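Structure record follows, encoded as structure tokens.
The values are calculated or read from the model by the stated rules, or taken from the named source; none is laboratory data. What you see is a predicted model, and the numbers here were worked out from it, not measured in a lab. Positions of Cβ are generated from backbone atoms using ideal geometry, with glycine treated the same way; all protein chains shown enter the neighbour counts. SASA here: full protein model, heavy atoms, side chains in, ligands and nucleic acids out. Shrake-Rupley method; radii C 1.70, N 1.55, O 1.52, S 1.80 Å.
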Amino acid sequence: MSTRFAPSPTGLLHLGHAYAAKFAYDLAKEEEVDFLLRFEDIDTTRVRPEYYLEIEKDLTWLGLDWDGTPLRQTDRFTAYNRAMEELKSRQLVYPCFCTRREIQDEIAAMAGAPQGPEGPLYPGTCCSLTNGQAEERISAGEPHCWRLNASEAGKQTGQLTFCDRIRGVVEVDPTLLGDVILARRDIATSYHIAVVVDDAMQQITDVTRGEDLLASTHVHRLLQELLGYPEPVYHHHRLILDANGVRLAKRDDPMSIRTLRELGHSPEEVMEMISD
Ligand code: GLU
């Protein structure tokens, strides 16, 4: 039984992260469960080694102590591969050889290309390749990622729901994000696979995170069901915005916890800045 804070060590923590960490921490204390720290570091091209320690330092300064040893997703590729192999063996994913350019051209040429919450979705081009064609291209060394066959997956699971503490019971739309990439061509896994595998392994009972990830939860719930994992309860909380109403990003150094600390603010003052 636990909650978790799962930052990517690609930059300093800012007020938005402090809010997310405090949210998970408070819930863990309230429910008397563990508060775990997980470094989502699979995107090794963007990770910088110094940020692991910086993040731990900031959390400690804020008084948000975690239980146990922090998990690093870069230590977990074997588990992610295992989950992918399972999905491959059940034909729930397919290899996609399309370049970004080819996808854009295909979408432009289509009347009524499928739309997701953040723009057009992958139009499904490689889904129609036969197993033989796909295997031939893989053997020839053609770069490829692996995509979820969302409609097939949805058929196999039947109607699903997830429980969000703010929104109540939400019906899962398996195709909301379309045939999303589950294994990237460069790193052979993805946020979606890693988060679902680790939430199950770490026995996360309450997933708390920003409401920008609400659409991803549809995919996560589907993957949990396909892989036989338990269903956590979700809490998608608000995002901290800057003075212009724009969501904070890693580049917002003035709002970083380190800068605020160096400016002489106390942890209590920082917490006050993000109080509800
Ligand atoms: N690593 C994600 C972030 O920093 C959190 C993902 C999650 O909580 O599922 O926004």
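Table for the structure above
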quantity: The chain - Cys residues lacking any other Cys C-beta under 4.7 Å; calculated: CYS98, CYS127, CYS145, CYS163
quantity: Point-charge dipole on Cβ atoms (K/R +1, D/E -1) for the chain, about Cα centre, debye to 20; calculated: 660
quantity: Degrees, to the nearest 10: 214-227 long Cα axis against longest axis of the chain; calculated: 60
quantity: Where Cα atoms sit under 24 Å apart: lysine pairs in the chain separated by 8 or more or lying on different chains; calculated: 5
quantity: Exposure of CYS127 as accessible area (Å², to 10), given a probe of 1.4 Å and all protein chains; calculated: 50
quantity: Long-range amide H partners of GLY116 with built H, under 5 Å; calculated: LEU121
quantity: Simple spin-label estimate for GLU85 and GLU30 in nanometres, 7 Å along Cα-Cβ; calculated: 4.1
quantity: Part-to-part distance (alpha-carbon centres) for the range 4-66 and the range 109-161, which is given in Å; calculated: 33
quantity: Spacing of the two label points (7 Å from each Cα toward its C-beta) at ALA111 and TYR52, in nm; calculated: 5.5
quantity: Whole-number accessible area per residue in Å² for the chain, which is evaluated in the context of all protein chains at 1.4 Å; calculated: 49
quantity: DSSP bridge pairs, the chain: antiparallel proportion in percent, nearest 5; calculated: 50
quantity: Counting DSSP beta bridges with both ends in the range 152-241, the antiparallel % (nearest 5); calculated: 40
quantity: Rounded tilt (10° steps) of 191-201 against the dominant C-alpha axis of the chain; calculated: 70
quantity: Largest-first ordering by accessible area, 1.4 Å probe, given options GLU54, GLU106, GLU231; calculated: GLU231, GLU106, GLU54
quantity: Residues SER266 and GLU142, FRET efficiency given R0 of 45 Å [Cβ-Cβ distance, rounded to 0.05]; calculated: 0.20
quantity: Using alpha-carbon coordinates, inclination of helix 50-62 to the longest axis of the chain, degrees; calculated: 50
quantity: Fraction of accessible area attributable to carbon and sulfur, the range 18-66 (%, probe 1.4 Å); calculated: 48
quantity: Longest segment of the chain lacking trypsin sites (Lys or Arg not before Pro) that sit in a DSSP loop with at most 16 other Cβ atoms within 10 Å; calculated: 91-164
quantity: THR60-ARG185 FRET efficiency (beta carbon distance; Förster radius 35 Å; 0.05 resolution); calculated: 0.40
